[in-house]
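So the structure is just underneath, and the comments pick up after that.
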Amino acid sequence: MTALIIFAAVVCGVVISAWSLVAYVKHKIRRLGGELTGGLVGSMLGGGAAMEGFLEGALEDESTVPKSVSAMTSVYLPKIVKDFPDFNYDEMKRMAETFLMTYLRAIDSGNADEIRYGDSEFREKVRNYIDMNVQNRIKEYFQLVRIHRTEITNYRKAAGKCIITFQSSIEYRHFKESDGQLLAGRRDKMCQTRYDVDLIYIQDREKVESDFDSAQGFNCPNCGAPITSLGHKRCEYCGCGVEEYNIKVWVFSDARER
């Protein structure tokens, strides 16, 4: 009888110990789970602040890091020089940048006549745009304009014209106002963007489609006959020598933001 009582006591002790161990393990698991959950929540909350800071930094980088350009100069320049042996890339690049700068300045000042190297059709288009702003009581600003890089991005031939497209990476402060109220952009922040400008050369006046482009032709200085193909060294009518017009007939016809 005594042995039975002792055996029962041992069994009870073992059961109680096992139950206590299980309860202890469950308590530890719950506590560990709470710590993990709290840590995860804290990380999520802290991560939100970190993400906000990251986004702010990304937006700041967007306004300070210059845009890349589609640099195809090495591909197209040999083709251009083959067609126009006297083509001066450095000079044309400088003219492209001047054209772009004066285009933006013309809108800022409200005076399309400030545009340099642009054709009359383009000036008229800008003049109409400025007039539209005036009618709508809008003042548009381009401030602190800076060009980072300019490259040839395309070269094509069509309808008696050769067209070279320059692409520029540009930085400026751009905004619009109406009666002192800000309509678009920011007065206190720079922005980075790209512009394409088209440089055209009238190769064959008889194939040019528009009346304006036809007006870009030149006449023989001796007899006044039209020079229909500017690659010719002599007038087709009187045989008089014709001056090379490479630099003089290249003209910028368009500028557009990419």
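The values are calculated or read from the model by the stated rules, or taken from the named source; none is laboratory data. Given the structure is predicted, the values throughout are model-derived calculations rather than measurements. With ideal geometry, Cβ positions are generated from the backbone for all residues, glycine too; neighbour counts draw on all protein chains shown.
Listing for the model above:
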read-out: Failed item in (1) assigned to a loop (DSSP other than H, G, I, E, B); (2) under 13 Å from A255 (Cα atoms); (3) not polar (S, T, N, Q), with F122 passing the rest; value: (1)
read-out: Options S74, S70; residue that is polar (S, T, N, Q), outside any strand (DSSP E or B) and in contact with a strand residue (DSSP E or B) (Cβ under 6 Å, 6 or more places away or on another chain); value: S70
read-out: Failed criterion for M72 (all others in (1) surrounded by 17 or more Cβ atoms within 10 Å (Cβ to Cβ); (2) at pLDDT 95 or above hold); value: (1)
read-out: Residue that is surrounded by the fewest Cβ atoms within 10 Å (Cβ to Cβ) [pool: residues in the stretch 135-162 that are free of Cβ contacts under 8 Å to residues at least 40 places away in the same chain and over 26 Å from M190 (Cβ atoms)]; value: Q135
read-out: Meets criteria (loosely packed, with under 12 Cβ neighbours inside 10 Å and more than 29 Å from S68 (Cβ to Cβ)) for L182; value: yes
read-out: Residue match in the stretch 171-189 (condition: at pLDDT below 95, of a type in the set (G, A, S) and within 29 Å of T73 (Cα to Cα)); value: no
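Let's see how each residue does on (1) among the hydroxyl-bearing types (S, T, Y); (2) farther than 21 Å from D196 by Cβ; (3) assigned by TED's automatic domain parsing to the domain that holds T153; (4) out of contact with any helix residue (DSSP H, G or I) (no Cβ under 9 Å at 6 or more places or on another chain):
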position	(1), (2), (3), (4)
K79	no, no, yes, yes
S120	yes, no, yes, no
M132	no, yes, yes, yes
E140	no, no, yes, no
